[in-house]
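Beneath this line is the structure, given in structure tokens, with notes to follow.
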Amino acid sequence: MSTSSSTHDALRSDGAISAYGTARSTVEGTPLSPAELRNIDAYWRASLYLCLGMLYLKKNPLLREPLTLEHIKPRLLGHWGSDAGQAFTYIHFNRLINKYDLNAIYISGPGHGAPAVLSQAYLEGTYSELESAEFSATFRRPIACARSLRATAP
């Protein structure tokens, strides 16, 4: 059987799951109300803004003055590539924990994704409970801050 023929067979609407088939949800109905979707989207955008600030800025994180070269870090600490996915996962997992009153925790490994987890901790208030220094200090050294907040192994 040729590749184009097998691809054509997989695209049929017979309900079979296929890597080439139409994407479909396994959730019936509308999983999120329009208000929940707006709130999650706004929260995610705020988280990503904080991630970018931690990665690129050393001063002026709220952009209260026009951005200048003095505000930008000469060397990046962290990695934008993992932040969006980790923030997305954290937000939705947290939503499910709250919705279903789950006894669960989100665990993320150390490294370049620190801004994603730190932005969530700041937005939900956990960061302020654990760290007495102003959040702007994180914009200078997010990786060092993440290391100082990590739990110690027994």
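The values are calculated or read from the model by the stated rules, or taken from the named source; none is laboratory data. Keep in mind it's a predicted model, so treat the numbers as computed, not measured. Cβ coordinates were reconstructed from backbone atoms using ideal geometry, including for glycine residues, and neighbour counts include every protein chain displayed.
Some observations on this one:
- Residue in region 92-113 that is over 21 Å from residue 39 (Cβ atoms) and within 10 Å of the chain's Cα centre (by Cα) present: yes
- Check on residue 60, of a type in the set (S, T, N, Q) and touching a residue at least 24 places away in the same chain (Cβ under 8 Å): no
- Test: residue in region 38-54 that is farther than 20 Å from residue 117 by Cα and modelled with pLDDT of 90 or more: yes
- Residues of region 55-89 that are aromatic (Phe, Trp, Tyr), within 12 Å of residue 115 (Cα to Cα) and touching a helix residue (DSSP H, G or I) at 6+ places or on another chain (Cβ under 7 Å): 80 alone.
- Filter pass, residue 73 being surrounded by fewer than 11 Cβ atoms within 10 Å (Cβ to Cβ) and either more than 22 Å from residue 126 (Cβ to Cβ) or modelled with pLDDT under 90 (or both): no
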